[in-house]
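Asks: Take a look at this one; I'll ask things after.
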Amino acid sequence: MIGKTLFKGNTMGIYIQIEKISESENVGYYHVLTKAFGGANFYVGFDKKSHKIYCFLTNNFSHPVRIVDPNDPNEVIGEIPGIKVSPSILDKVFKAAEKTFKMGEFPDGLDHCA
């Protein structure tokens, strides 16, 4: 199930699917999908060498619409051009990226449940 888990009409929890599509030597490419917080459907690349996060509209991964550098103290999460997504979802995706950077590998799934 993707999105909200409902219990008597109230939100009991959320699920954000972050599934690996492919990987190259230094970058793992993932599909992000959820119905929580207004929904999201976009793609990201996590670069374990530079620790940058590339955001894409499509799964051809050729033109990032935003590059996030978590090492930049002036970096603001803000928005991703062309993608309507809640900052709460972006926060979870960026935490998943941080997890891959620490692990040094790209697991098949980095799903988030809360």
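Asks: Find the centroid of the Cα atoms in the stretch 17-39 and in the stretch 42-75, then give the distance between the two in whole Å.
Replies: Distance between centres, Cα-based: 11 Å.
Asks: Could you calculate the FRET efficiency of ASP108 with SER24 from 1/(1 + (r/R0)^6), where r is the beta carbon distance between them and R0 is 22 Å, rounded to 0.05?
Replies: So, using R0 = 22 Å, E works out to roughly 0.90.
Asks: How many nm is it between the label spots at VAL76 and LYS95, if each spot is 7 Å from the Cα in line with the beta carbon?
Replies: In this crude label model, VAL76 to LYS95 measures out at 2.3 nm.
Asks: Also, I was wondering about something else. Across the stretch 17-108, how many lysine pairs, 8 or more positions apart or on different chains, have C-alpha atoms separated by under 22 Å? Please give the number.
Replies: For the stretch 17-108, the number of qualifying lysine pairs is 28.
Asks: In addition: Between HIS51, ILE77, PHE61, whose Cα lies farthest towards the positive end of the dipole of the stretch 46-86 when Lys and Arg beta carbons carry +1 and Asp and Glu beta carbons carry -1, centred on the Cα centre?
Replies: PHE61
Asks: Then there is this: Of the peptides 44-55, 14-25, how do they stack up when ordered by the mean number of other Cβ atoms within 10 Å, highest first?
Replies: Ranking, from highest mean packing down: 44-55, 14-25.
Asks: Order by neighbour count: LEU90, LEU33, fewest other Cβ atoms within 10 Å first, most last.
Replies: LEU33, LEU90
Asks: Can you compute the charge dipole magnitude of the chain about its Cα centre, using +1 on each Lys and Arg Cβ and -1 on each Asp and Glu Cβ, nothing else charged? Give it in debye, rounded to the nearest 20.
Replies: 420
A short reminder: the numbers here are calculations on the coordinates, not readings from a lab. What you see is a predicted model, and the numbers here were worked out from it, not measured in a lab. Methodologically, a virtual Cβ is constructed for each residue, glycine included, from the backbone with ideal geometry; neighbour enumeration extends over all protein chains shown.
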